Structure formats: structure tokens, C-alpha cells
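A.B. asks: Input: one structure, supplied below.
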Amino acid sequence: MTSISKPAALCPVCEASIDAPADSITGEILACADCGAELEITSLAPLTLEEAPDVAEDWGE
Amino acid sequence: MSNRAALAVVTSRLRVEEKLIFAALEARGAAFERVDDAALQLEAGHASESPWPVVWNRSLSFGRTLYATQILEQQGALCVNSAHVVGTCGDKAATSLAFAASGVPTPRTLVAFTVESALEACETLGYPCVLKPVVGSWGRLVARLDSTSAAEAVLEDRAVLGSWQHSVFYLQEYVEKPGRDARVFVVGDECIAAIWRHSEHWITNTARGGRVEAARTDGPLGEMAVRAARAVGGGILAVDLIEAADGLQVLEVNHSGEFRNSIAPTGVDIPGAMADWVLGRVAERVAQEVFA
Ligand SMILES: Nc1ncnc2c1ncn2[C@@H]1O[C@H](COP(=O)(O)OP(=O)(O)O)[C@@H](O)[C@H]1O
Ligand SMILES: [Mg+2]
Ligand SMILES: [Zn+2]
């Protein structure tokens, strides 16, 4: 997967600065350490975070 | 065929499992395309060709997986798991029917469509009994009904949840288990790994915590899991089993099973075994296309 340097992005909920781990990929979920929001990485360069959708009823394994 | 990869891995939200699967494929030097089901547009009723000969679906969404797989199969793709398997595993009533058709032991199950008839079904099963959503996972909304009054409250509550599936009451005999149940991974015809899930709570899904311990794959547990996997159509499957007084019973089969907590205790490279099997299917498909 693409490994471009990833500057921090702001949490869309509380505006805390968030660093994605080096091996992050789009579609992955991060939790904001400040507010606990579940955030989805929607792009890596630039790092973009959106609030992850709630678990839908048909989700599972 | 275009110059696209022979394999697509379809995902929605990425779990640890999907990252491990990508890593396993990459470690094997396999060319694959990562496809987000949120971006898919599939033409139904059209004789177009699937962009990928083999599609490995690891989406969290049962609905998306079911429809995407149906369309891609009609377009000629080999889907892991197949639309038939997804449709059977994703719906607990369909799973029960598949078990019954193949003689796979499973707890007695009644299906009812109104609160009144569901209450009668509970009396027939006896208390406690278990109510599960026909479509659902991770132990979500799985409830133990201990009495008529509890059953009334829970059934009424489900009936107003909105979706029609919640008024399909899937009721099951409660099986007293010895503080644990089993999760067994089946790949093709082989049982590759098995764990016991210990829990204080009667719902033992590892997504809810609980202790995990390796189980033997070569004995009755593995055999029963392979039978259950065959009963739903076979593929890459995770089978949940319970030890009843008179032997093993199968609860369900998962078509997009989670395995992150099962790798360390078993020492089995579960994503690697899955990737090897899928790449075997890719090789077969590519060979068929070349010599067709
Ligand atoms: N009939 C039953 N008797 C006792 N325990 C059950 C029964 N059905 C389910 N359970 C417990 O609840 C858990 C979740 O049930 P399961 O059928 O696997 O649904 P889910 O799709 O939510 O995982 C099982 O792993 C098991 O621990
Ligand atoms: Mg289960
Ligand atoms: Zn935040």
C-alpha cells in the first residue's frame, strides 16, 4: 500500500491533532485519544479523517 | 481480460483481519486489487464480465456482500464465499434449514412471526430459551428469555425495532454449556484451527472479551465443523459450536469470520492459510481462462 509521510490531521469531533500509525491504510478506523470518537481514514495523503459510520444492523462476521 | 488483477478483495471498514489478509497476500507476492464496497457500482441484468476472475469478500455488511456476490457471480466471477453460502450463513433461519437438510446437529429452533405465536413457541421450547435476530452477529441482540414475562418484554421490544427481520422471531432451546464453546476455522475441506472460548457470560463471542484457548482440530470438533461448513456450501468459514449433554451441536457458520484472537493461542497462521487457499482458486481460474 502507499507509504507517504502522513502529517497529523484534526479530529473532526474535537479538533485534537491525530497522527496515523505508519502502516495505516484507507478504510481503517482510529480512535481519537482525546474524545474517543471512532474515525475512519478516508485518505492518506493528505491524512483525512471522518467520523466512522455507526455499526449497521447487517454488519458482522 | 483487462490488465486488472485476477483477484479482488472487497472490504468495507477494515478490521485487523483484513489488514492481516492483505499482508498475507503481499507476503506471497500475489497481485490483488483492494475494492471498497462503498464505491462499487454493479450492473445487474447485463451480460458484462466481472472485472476480476476471483473475488474474496471481506466486507462487514451482509447486505452488500449478498448482492455484490450475486451480481459478480452472474458476471462469471468465482466468489469466496459464494452467494449461496453468504445467503445461507447471513440468515440464521436459512442456516438452520441447511443444517437440518444435512443432518448437522443444532439446538431445536422455532420460527414465529407475531409476539403471541412467539410466546407460544417459548412455552413449547421451555424456559430459558434464546431469541436471536435472523440477521445479526457478534452476539448483538441475542437474548436469553428466562420467563414468560421476560419473553413478553423482549419480544414486544424487538417488534418495534423497525426492520421486518426483527419480527421474524428465531427462538432456540437454551443449551447449558460447560463455561465454554468453540470456534472452528474451516478452509475448503480442512479444519485449520480451533479455539475454546471461555466466558463467565453465556454469550461467549470473543468480540465481547473472554479467554481463548487452543482446541484440537483433528477430533470430533474438527469433523463436526467440516460437516457444518459443507452443509452451508463450503468455502472459508468460521463455525460456532457448543457442547450439549449428548454431544456437539452447531450454532452457526460465519462467512466473514473474525480470527484475530485465535492466531496467538493456536499458533496457526490463519490469514496465511486462507490466502493460500484463495490463491489456489485464482491459479485454477487463470489456468481455465488461458486454456478455454
Ligand atoms: N441455544 C443456545 N444455548 C446457549 N448458548 C447459546 C445459544 N445460542 C447462542 N448461544 C451463545 O451466544 C453466542 C452467540 O450466538 P450465535 O448463534 O453464535 O450468534 P452470533 O451471530 O450473534 O454470534 C454463542 O457463541 C453462544 O455462546
Ligand atoms: Mg456466533
Ligand atoms: Zn476527538
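A.B. asks: Put a dot 7 Å past each Cα toward the Cβ at B:Arg140 and B:Asp189; how far apart are the dots in nm?
C.D. replies: So the two model labels end up 3.7 nm from each other.
A.B. asks: If each DSSP helix of 4+ residues adds -39,500 (n - 2.57) and the sum is divided by the residues in the protein assembly as shown, what number results at 222 nm, nearest 500 deg cm²/dmol? Mind dumping the intermediate values first?
C.D. replies: Values: 9 runs with 105 residues, N = 353.
Roughly -9000 deg cm²/dmol at 222 nm, from the helical runs in the protein assembly as shown.
A.B. asks: Note the buried accessible area between B and A here, summed over both chains, with a 1.4 Å probe, in Å² to the nearest 100. Kindly include the intermediate steps, with their values, before the conclusion.
C.D. replies: Values: alone 13380 and 4360 Å², together 15900 Å².
In total, chains B and A hide about 1800 Å² from solvent.
A.B. asks: Residue farthest toward the positive end of the dipole of segment B:108-173, with Cβ of Lys/Arg at +1 and Asp/Glu at -1: which of B:Thr114, B:Leu125, B:Gly136?
C.D. replies: B:Gly136
A.B. asks: Report, to the nearest whole %, how much of the accessible area of the protein assembly as shown belongs to carbon and sulfur atoms, 1.4 Å probe, protein only.
C.D. replies: That share works out to 52 percent.
A.B. asks: Quick one: among B:Pro271, B:Pro178, B:Pro107, which has the greatest mean-square fluctuation in a GNM of chain B with alpha-carbon springs under 10 angstrom?
C.D. replies: Sorting by GNM fluctuation, first place goes to B:Pro178.
A.B. asks: Rank B:Ala5, B:Val253, B:Ala38 by how far each Cα sits towards the positive end of the charge dipole of chain B (+1 on Lys, Arg Cβ; -1 on Asp, Glu Cβ) and give me just the farthest.
C.D. replies: Looking along the dipole axis, the top candidate is B:Ala5.
A.B. asks: Residues of segment A:19-61 losing 20 Å² or more of accessible surface, assembly versus chain alone, probe 1.4 Å, please list them.
C.D. replies: At a threshold of 20 Å² (probe 1.4 Å), the residues of segment A:19-61 that become less exposed are A:Ile25, A:Thr26, A:Gly27, A:Glu28, A:Ile29, A:Val55, A:Glu57, A:Asp58, A:Trp59, A:Gly60, A:Glu61.
A.B. asks: Short version: which residues of segment B:121-142 lose at least 20 Å² of accessible area, all chains versus chain alone, 1.4 Å probe?
C.D. replies: Hits at the 20 Å² cut-off: B:Val135, B:Ser137, B:Trp138, B:Arg140.
A.B. asks: In debye, nearest 20, what is the charge dipole magnitude of segment B:108-173 about its Cα centre with +1 on Lys and Arg Cβ and -1 on Asp and Glu Cβ, if you could check?
C.D. replies: Numbers: 5 positive and 8 negative charges, 73 e Å.
The dipole magnitude comes to about 360 debye.
A.B. asks: Checking buried surface per residue: for segment B:18-47, which residues lose a minimum of 40 Å² accessible area in the protein assembly relative to the chain alone (1.4 Å probe)?
C.D. replies: B:Lys19, B:Arg34
A.B. asks: Here's another thing I want to ask about it. Quick check for me: using +1 on Lys/Arg Cβ and -1 on Asp/Glu Cβ, what's the dipole size of the protein assembly as shown about its Cα centre, in debye to the nearest 20? If you can, show how the numbers build up before the last one.
C.D. replies: On the way: 27 positive and 48 negative charges, 140 e Å.
The dipole of the protein assembly as shown has a size of about 680 debye.
A.B. asks: Could you tell me whether segment B:153-193 comes out rounded, prolate or oblate from its Cα gyration tensor? Rule is a ≥ b ≥ c as square roots of the eigenvalues, rounded for a/c under 1.5, then prolate if a/b exceeds b/c, otherwise oblate.
C.D. replies: Values: a/c = 4.09, a/b = 1.90, b/c = 2.15.
Note, shape of segment B:153-193 comes out oblate.
A.B. asks: Further question on the same structure: Averaged over its residues, how many other protein chain Cβ atoms are within 10 Å of peptide B:56-63's Cβ atoms?
C.D. replies: If you average over the peptide's residues, the count of other-chain Cβ atoms is 3.
A.B. asks: How much area per residue is accessible in the protein assembly as shown when the probe is 1.4 Å and only protein heavy atoms are counted (Å²)? Mind dumping the intermediate values first?
C.D. replies: On the way: 15900 Å² over 353 residues.
Per residue, the protein assembly as shown has 45 Å² of solvent-accessible surface.
A.B. asks: Apply 1/(1 + (r/R0)^6) to the Cβ-Cβ distance of B:Ala100 and B:Glu223, taking R0 = 30 Å, and write down the FRET efficiency to the nearest 0.05.
C.D. replies: Calculated transfer efficiency: 0.95.
A.B. asks: Over chain B, what lengths in whole Å, largest first, do the semi-axes of the equivalent ellipsoid take, defined as the square roots of 5 times the eigenvalues of the alpha-carbon gyration tensor? The partial results should precede the final answer.
C.D. replies: Numbers: eigenvalues 238, 103, 51 Å².
Equivalent-ellipsoid dimensions as semi-axes: 35, 23, 16 Å.
A.B. asks: Specify which residue in the list B:Thr266, B:Ala24, B:Val55 is farthest towards the positive end of the charge dipole of chain B, using unit charges on the beta carbon of Lys, Arg (+1) and Asp, Glu (-1), about the Cα centre.
C.D. replies: B:Ala24
A.B. asks: Can you give the charge dipole size of chain B about its Cα centre, rounded to the nearest 20 debye, using +1 on the beta carbon of Lys and Arg and -1 on the beta carbon of Asp and Glu?
C.D. replies: That gives a dipole near 560 debye.
A.B. asks: Rounded if a/c is under 1.5, else prolate if a/b is larger than b/c, else oblate: which is the protein assembly as shown, with a ≥ b ≥ c the root eigenvalues of its Cα gyration tensor?
C.D. replies: Prolate is the answer for the protein assembly as shown, as a/c is 1.5 or above and a/b outweighs b/c.
A.B. asks: Only bridges whose two residues both fall in chain B count here: according to DSSP, what percent of them are antiparallel, nearest 5?
C.D. replies: 75 percent
A.B. asks: Using a Gaussian network for chain B with springs between C-alpha atoms less than 10 Å apart, which of these wobbles most: B:Leu131, B:Leu241, B:Leu141?
C.D. replies: B:Leu141
A.B. asks: Can you give me the long-range amide H partners of A:Thr48? Hydrogens built in the peptide plane at 1.01 Å from N, cutoff under 5 Å, separation of 5 or more residues or another chain.
C.D. replies: Close amide H contacts, sequence-distant or interchain: A:Thr42, A:Ser43.
A.B. asks: How far apart, in nanometres, would the label points at B:Ala264 and B:Phe113 be if each is projected 7 angstrom from Cα along the Cα-to-Cβ direction?
C.D. replies: Rounded to a tenth, the inter-label distance reads 4.8 nm.
A.B. asks: Given N residues in segment A:8-61, what is its alpha carbon radius of gyration divided by 2.2 N^0.38 Å?
C.D. replies: For segment A:8-61, the normalised Cα radius of gyration comes out at 1.13.
A.B. asks: Under a 10 Å cutoff between Cα atoms, tell me which one of B:Glu173, B:Glu200, B:Glu190 has the largest fluctuation in the Gaussian network model of chain B.
C.D. replies: B:Glu200
A.B. asks: Follow-up question, since we're still on this one. Could you tell me whether segment B:21-115 comes out rounded, prolate or oblate from its Cα gyration tensor? Rule is a ≥ b ≥ c as square roots of the eigenvalues, rounded for a/c under 1.5, then prolate if a/b exceeds b/c, otherwise oblate. Before the final figure, lay out each step's value.
C.D. replies: Numbers: a/c = 2.35, a/b = 1.72, b/c = 1.37.
In terms of gyration-tensor shape, prolate.
The values are calculated or read from the model by the stated rules, or taken from the named source; none is laboratory data. Everything numeric in this text was worked out from a predicted model, so none of it was measured. Glycine gets a Cβ as well: all are built from the backbone with ideal geometry, and neighbour counts include every protein chain shown. Note: areas computed on protein heavy atoms with side chains; ligands, DNA, RNA excluded. Shrake-Rupley method; radii C 1.70, N 1.55, O 1.52, S 1.80 Å.
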